[in-house]
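Right, one structure below, let's go through it.
Every number in this text was worked out from the coordinates using simple rules, so none of it is lab data. Please read these numbers as outputs of a predicted model, since none were measured by experiment. Positions of Cβ are generated from backbone atoms using ideal geometry, with glycine treated the same way; all protein chains shown enter the neighbour counts.
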Amino acid sequence: VGVHLYCILPGGPEPPGGLTGVGGQSVEFMAAGSLACWLSTHDEPPEATRATLREHAAVAAAALDPSTTPVPVRFGQWLADTEAASARLLEEAAHWHEILAGVAGHAEFGVRIALPELVDAARDVHPQAATGRDYMAALARRQAGAAQRRRDVATLADWVAGRVGSLAARTHVDAARGSLGIAHLVAWRHADAYRSLLVELCAARIDLRIATSGPWPPYSFVN
Amino acid sequence: MTPADLPHRGDALDPDDELSLAELVNRVLDKGAVVSGEVMISVANVDLVYLSLRLLVSSVEAMRGRHDPRGFFP
C-alpha cells in the first residue's frame, strides 16, 4: 500500500467532494505545514496507461483556477504513506513555496505542431540495409533529416514566439520526435487575449497541423 | 475556431488525436514536479509509448532489452 501524488498546493483548497483520481480512487487532502497535497491511496503503484494519465491530469486540473495554481506532480510519484509524503514536502518547504509563488496567477497553455516530413525521415532510421553502402546512405539521410529538423523547429519556434510576444510570461520549447511542443505560462488576465491569438495563429497556418491545449497546471514550469 | 472552441482543463481536442496525446503524455510523464526523487512507472500498454516521448521510449526499450545493435535506434 502507498500513496500516489497529484499536486502540491499552498495550504489549500481541499479537493471537491467525490473527486476521484487514478483507478477511481478517492482523492484525499494532506496538509504538510503550510503546504498541502492531493493524493490517493493504492495497493500498488498505478500503471501508466492512457486512462490513468488522463485521470492523473484531471485531478491536477481540478485544483487549477484563477485563485489557485497548483504545482502538478509528475505521474509516478509514489510514497509509502501520507507520513512519508508529508515529510518529503516539509524537507523542502521553502523550495515548494518558491515554485508556488512563481506560478501563482498563471496557467500553462500548449501549442503542438506536427512535423510530418520529419516523421517520414524518422521512419527511414530503420533501414533494412542489405549492404554497407545502403547502410551508409540511410545514415546520411538520417543526418540530413536531423539537420532539417533543427532548422524547421527553430523557424517555427521563432514564428510562434513572435506572435505570442509578451502575452506569455515564460516559454518552454520541447522539440520531440515528429512534433514541436511549445508551452506558455500565461497570466489569467491575459488568457482570453492569448486564446484569441492562438485562433489567429492556427488560421494563419492552415498548412500545418496545430493542436492547442490548456489551461493546464504549469507542468512545464515547475522544475 | 473561436476561443471558446479551444480545449479546456488540460483535456484534448480529440482523444484519439496523436498531437493531443503528445500534449498529455509529455506533460504528465515527462514534466511536473518530482517529490520523492524517484519516479516509479510501470507501462501496462505499450501503445502508450508515444513516439515523441524519448524518455519513455528509452526506458521501455531498456526494460525489454531490445536495443538495436547497429545503433539505429530512433
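Just a few scattered comments:
- With viscosity 0.692 mPa s and temperature 37 °C, the Kirkwood radius over alpha carbon pairs of the range A:57-111 converts through Stokes-Einstein to a diffusion coefficient of 258 µm²/s.
- Spacing of the two label points (7 Å from each Cα toward its C-beta) at A:N223 and A:Q143, in nm: 2.9 nm
- Shape of the range A:159-223, Cα gyration tensor, a/c cut at 1.5: oblate
- Applying the Karplus relation 6.51 cos²θ - 1.76 cosθ + 1.60 with θ = phi - 60° to the range A:19-25 yields 3J(HN,Hα) values of 5, 10, x, 4, x, x, 6 Hz, where x marks Gly and Pro.
- Inter-probe distance in nm under a simple model that places probes 7 Å from Cα toward Cβ, at A:A204 and A:T171: 1.2 nm
- A:S67/A:R163 FRET efficiency (R0 25 Å; Cβ-Cβ; nearest 0.05): 0.30
- Distance between the modelled labels on A:D152 and A:T49, one decimal in nanometres: 3.4 nm (7 Å Cα→Cβ projection).
- Summary value for chain A: 23 percent relative contact order, contacts being C-alpha pairs under 8 angstrom separated by 6+ residues.
- Backbone amide hydrogens, once placed in the peptide plane, bring A:C7 within less than 5 Å of A:W38, A:V73, excluding anything fewer than 5 places away on its chain.
- Separation between Cα centres of the range A:4-72 and the range A:132-161, rounded to whole Å: 40 Å
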